[in-house]
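*Asks:* Here's a structure for you.
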Amino acid sequence: MNLERALELAERGRGTTHPNPVVGAVVVQEGRVVGEGWHERAGGPHAEVVALEAAGGRARGATLYVTLEPCAHHGRTPPCAEAVVNAGIARVVAAVGDPDPRTYGRGFQRLRDAGIEVELAGGELEWRARVQNEAWRTWTRLARPFVTLKMAATLDGRVTVPGSRWVSGEASRRRVHELRAHADAVAVGMGTVRADRPLLTARDVRAERQPRRLAFGHGPLPAGVDLELRTGSLSEELRALAGEGVQSLLLEGGPTLAGAFLREELVDKVLVFVAPLLGGDGPPLVSELSAPVRLARFGAERVGEDVLLTAYVHEP
């Protein structure tokens with residue numbers, strides 16, 4: 001229950017903590033919550049520090065529930081592990097460890113060295129914490145953005161419908177704008193650029209900022225198309241984007257771009273909006289693959305008249 005509350009608190013920092021993860025923390029003394037906090041903005045105090053300050057002297061001998069391993073390094077703020085030790089916390093329950101191989105476990109070790117009991121939640125709570133920061137975790141661990149492949153298809157797997165501009169319904173299209181609003185960058189291939197001249201902006205939804213709008217492939221871009229052209233290899237371009245602070249990339253291209261990313265094992269998550277239509281003709285979801293791609297954590301959700309299928313290629 002307390003860790004679930006910490007996960008809820010973490011979401012309050014969504015959109016304002018970049019490039020940091022969202023984190024929530026709860027301090028419990030003798031079964032009562034005595035302090036809560038979340039990371040509100042980059043450069044500001046981390047969730048653990050906010051919760052400990054709210055608890056004050058009641059933190060001594062208490063349990064700290066936190067969604068991510070307390071940091072043990074000096075960044076823009078002092079290490080949280082030291083603050084936990086100095087506050088006199090007796091036990092820490094964390095949802096998940098730090099994914100950075102250079103720092104993983106150091107926060108937990110500092111706590112254990114100080115005699116603090118450390119427990120990892122595991123199970124569904126761990127998975128929820130991983131998903132909550134899936135983009136940041138991939139960016140931190142692999143030095144590339146977390147790549148979500150979004151597609152819309154008919155029930156027979158066609159990505160176009162004769163005589164119609166759209167495959168999916170209005171509710172699905174609104175969801176796509178919400179996805180754009182939460183992505184650092186959105187991209188298509190040159191085939192989509194030439195055929196549709198997409199804007200790739202987040203429209204008619206709340207957006208703290210607009211995503212960077214990219215086109216992968218060889219130019220030139222058609223006149224009037226205002227996208228960034230990325231002409232290098234996909235892996236090189238993703239490394240470069242990561243270095244520029246892009247943690248999440250939403251792919252909205254056609255089957256050619258989808259196939260290229262999948263063949264290079266650069267897709268992490270797949271979203272397919274399936275419309276209640278039989279297209280009968282048209283290109284398939286994905287161009288030719290070198291081998292089958294196995295998906296995990298498969299889920300389905302009704303979105304208007306469509307069904308949104310979700311799955312992971314690489315778990316965060």
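The values are calculated or read from the model by the stated rules, or taken from the named source; none is laboratory data. No experiment lies behind these values; they were computed from the predicted model shown. Positions of Cβ are backbone-derived with ideal geometry, glycine not excepted, and every protein chain shown enters the neighbour counts. Only protein heavy atoms, including side chains, enter the accessible area calculation; ligands, DNA and RNA are left aside. Shrake-Rupley method; radii C 1.70, N 1.55, O 1.52, S 1.80 Å.
*Asks:* For His314, His74, give me the order by solvent-accessible area with a 1.4 Å probe, most accessible first, ignoring ligands, DNA and RNA.
*Replies:* Largest accessible area first, the residues go His74, His314.
*Asks:* Classify the range 130-231: rounded, prolate or oblate, from the alpha-carbon gyration tensor (a ≥ b ≥ c, eigenvalue square roots; a/c under 1.5 rounded; otherwise prolate if a/b is larger than b/c)?
*Replies:* Because a/c hits 1.5 or more and a/b fails to exceed b/c, the range 130-231 counts as oblate.
*Asks:* What whole-number distance in Å separates the alpha-carbon centres of the range 24-45 and the range 172-231?
*Replies:* After rounding, the separation between the Cα centres reads 37 Å.
*Asks:* How would the range 1-88 be classified by its alpha-carbon gyration tensor: rounded, prolate or oblate, with rounded meaning a/c under 1.5 and the a/b versus b/c comparison settling the rest?
*Replies:* oblate
*Asks:* Note down the Stokes-Einstein diffusion coefficient of the range 232-274 in µm²/s, whole number, using a Kirkwood radius over alpha carbon pairs, 10 °C, and 1.306 mPa s.
*Replies:* 140 µm²/s
*Asks:* Okay, moving on. Order the following by accessible area, largest value first: Tyr65, Tyr104, Tyr312. Probe radius 1.4 Å; ligands, DNA and RNA are ignored.
*Replies:* Ranked from most to least accessible, the order is Tyr104, Tyr65, Tyr312.
*Asks:* Next up: State, as an integer percentage, the relative contact order of the range 27-88 based on alpha-carbon contacts under 8 Å between residues 6 or more apart.
*Replies:* So the answer I get is 34 percent.
*Asks:* Counting only heavy atoms of protein chains, what accessible area per residue, in Å², does the chain have with a probe of 1.4 Å?
*Replies:* 48 Å²
*Asks:* How much net charge surrounds Thr310 when only the other residues with a Cβ under 10 Å from the Cβ of Thr310 are counted, with Lys and Arg +1 and Asp and Glu -1?
*Replies:* After counting each charged neighbour, the total is +1.
*Asks:* Compute the signed sum of charges (Lys and Arg +1, Asp and Glu -1) over the other residues within less than 12 Å, Cβ to Cβ, of Ala296.
*Replies:* +1
*Asks:* Follow-up. From the Cα gyration tensor of the range 173-273, with a ≥ b ≥ c the square roots of its eigenvalues, which class applies: rounded if a/c is under 1.5, or else prolate if a/b is larger than b/c, or else oblate?
*Replies:* rounded
*Asks:* Right, something else. Quick one: pull the percent of accessible area on the chain belonging to carbon and sulfur, 1.4 Å probe, ligands and nucleic acids left out.
*Replies:* 49 percent
*Asks:* Along the charge dipole of the chain, Cβ charges K/R +1 and D/E -1, which of Ala153, Gly15, Leu199 sits furthest on the positive end?
*Replies:* Working it through, the farthest residue towards the positive pole turns out to be Leu199.
*Asks:* Place a label point 7 angstrom from the Cα of Val205 along the Cα-to-Cβ direction, then list the residues of the range 143-176 whose backbone nitrogen is under 11 Å away.
*Replies:* Only 171-176 fall inside the zone, counting backbone N under 11 Å.
*Asks:* Please pull out the direction-averaged projected area of the range 231-316, using the convex hull of its alpha-carbon atoms, in nm² to one decimal place.
*Replies:* Mean projected area for the range 231-316: 7.1 nm², to one decimal.
*Asks:* Now a separate question. To the nearest Å, what is the center-to-center distance of the range 86-115 and the range 266-307, using C-alpha atoms only?
*Replies:* Centre-to-centre distance over Cα atoms comes out at 40 Å.
*Asks:* For the full complex of protein chains and a 1.4 angstrom probe, list Ser164, Ser290, Ser248 by accessible area with the highest value first.
*Replies:* Ser290, Ser164, Ser248
*Asks:* Run the dipole for the chain about the Cα centre, Lys and Arg Cβ at +1, Asp and Glu Cβ at -1, nothing else charged, and hand back the magnitude in debye, nearest 20.
*Replies:* 360 debye
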